[in-house]
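**Student:** Supplied in structure tokens, the structure appears directly below.
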Amino acid sequence: MKILILSRNSGLYSTKRLKEAGEARGHSVRVIDYLRCYMNITAHRPAIIYQGGELDEVDAVIPRIGATHTFYGSAVVRQFEVMRTFAANESQAINRSRDKLRCLQILAQEGIGLPVTGFAHSTKDIDGLLDTVGGAPVVVKLLEGTQGMGVVLAETKKAAESVIGAFRQLDANILVQEFIKEAKGADIRVIVIGGRAVAAMKRQGAPGEFRSNIHQGGSAEKIKLTPEERSTATRAAKLMGLGFAGVDLLRSNHGPVVMEVNSSPGLEGIEKATGVDVAGKVIEYVEKNQPLRRPGRTRKA
């Protein structure tokens, strides 16, 4: 197969591993900076152009779309879909999961466990917003934050008021969530591929740090999921429509709760912690789900 990895940086661990895994299985793999693509949007011959040439005869794309470029990146993925190219994660699923509020609303509608969450836009009714989640301590998040950035633990009502007041100056969308104290600064990252949980690790925050992100100095170790955790992770990925996802869970007193569903999960931490060849499993998923021929699509001799 001819596979494209849509990534802005060919030197990233995840990008390199996916390329290596694809080539190891005999495929032609190329890394494409999706921001340097442009599109010919036409009914009869849609095309994507990169460095002066058309990206044609592509069998599959593996999107690695960064949070700051979701709009354009998902547009490129959607154009490949118009061209009847298989995408490991479809554009609509990427957008659905990247919108944190929409993601939580969909999961809540389907009965997936979540932390009690309040949402507002630059609210002045801070007391009311805090009351929706049961008061301090609370976790305050900017809706557009990533990798633990724009996430603050407010341990008292006064601290929460100060944080929300500061975020309000940014004219930002704000999420306020109950603080799951019993998680003790740890979360679980589950990799779900093709509806199966293939790898899981426990991430522990650095001393004095409630965020467990490895980017914030946390550590990671392999973990065995409970049946409920496994079911929650796979259901969450399915509800987002993602073929390849990272689902972040917390262990609460009332069962696992989902914090986030990520359409471009990093591979370095999970592969090193678990020893699982996640990149290889992504390529296997593409192989099993990409038809070599589709109705209305022809291949050149």
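**Student:** Applying the selection to the stretch 8-41, what residues are of a type outside the set (Gly, Ala, Ser), within 24 Å of Phe71 (Cα to Cα) and not in a helix (DSSP H, G or I)?
**Tutor:** Correct list: Arg8, Asn9, Leu12, Arg30, Val31, Ile32, Asp33, Cys37, Tyr38, Met39, Asn40, Ile41.
**Student:** Going by what's in this entry, would Asn95 be described as open to solvent by 10 Å² or more (accessible area, probe 1.4 Å), free of Cβ contacts under 8 Å to residues at least 60 places away in the same chain and within 28 Å of Arg235 (Cβ to Cβ)?
**Tutor:** So Asn95 passes the test.
**Student:** Here is a further query. For the structure I just gave you, tell me whether Glu221 is touching a residue at least 24 places away in the same chain (Cβ under 8 Å) and assigned to a helix (DSSP H, G or I).
**Tutor:** For Glu221, the condition - touching a residue at least 24 places away in the same chain (Cβ under 8 Å) and assigned to a helix (DSSP H, G or I) - is not met.
This table checks each residue for (1) part of a loop (DSSP other than H, G, I, E, B); (2) crowded, with 19+ Cβ neighbours inside 10 Å; (3) not small (Gly, Ala, Ser).
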position	(1), (2), (3)
Thr232	no, yes, yes
Ala237	no, yes, no
Ala245	no, yes, no
Asp248	no, yes, yes
Pro256	no, yes, yes
Val261	no, yes, yes
Ile283	no, yes, yes
Lys288	no, no, yes
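**Student:** Taking the stretch 183-204 as the search range and keeping residues that are in a loop (DSSP other than H, G, I, E, B) and farther than 17 Å from Pro227 by Cβ, which one is most open to solvent (accessible area, probe 1.4 Å)?
**Tutor:** The selected residue is Lys184.
**Student:** Let me ask something else. Go through the stretch 54-87 and give me each residue that's at pLDDT below 95, open to solvent by 50 Å² or more (accessible area, probe 1.4 Å) and touching a Ser or Thr at 6+ places or on another chain (Cβ under 9 Å).
**Tutor:** Within the stretch 54-87, Thr68 is the sole residue that qualifies.
**Student:** Out of Leu101, Leu130, I need the residue that is crowded, with 17+ Cβ neighbours inside 10 Å and not polar (S, T, N, Q). Which one?
**Tutor:** Being crowded, with 17+ Cβ neighbours inside 10 Å and not polar (S, T, N, Q) holds for just one of Leu101, Leu130, which is Leu130.
**Student:** Against the conditions (1) part of a loop (DSSP other than H, G, I, E, B); (2) at pLDDT 95 or above; (3) open to solvent by 30 Å² or more (accessible area, probe 1.4 Å), where does His44 fall short? Just the number, please.
**Tutor:** (2)
**Student:** Given (1) of a type outside the set (Gly, Ala, Ser); (2) modelled with pLDDT of 95 or more; (3) open to solvent by less than 60 Å² (accessible area, probe 1.4 Å); (4) in contact with a helix residue (DSSP H, G or I) (Cβ under 8 Å, 6 or more places away or on another chain), where does Glu20 come up short, assuming only one miss?
**Tutor:** Condition not satisfied by Glu20: (3).
**Student:** Can you report the number of residues in the stretch 47-60 which are assigned to a strand (DSSP E or B) and among the aliphatic types (A, V, I, L, M)?
**Tutor:** Looking only at that region, the number is 4.
The values are calculated or read from the model by the stated rules, or taken from the named source; none is laboratory data. Since we're looking at a predicted model, the values are computed, not measured. Glycine gets a Cβ as well: all are built from the backbone with ideal geometry, and neighbour counts include every protein chain shown. SASA here: full protein model, heavy atoms, side chains in, ligands and nucleic acids out. Shrake-Rupley method; radii C 1.70, N 1.55, O 1.52, S 1.80 Å.
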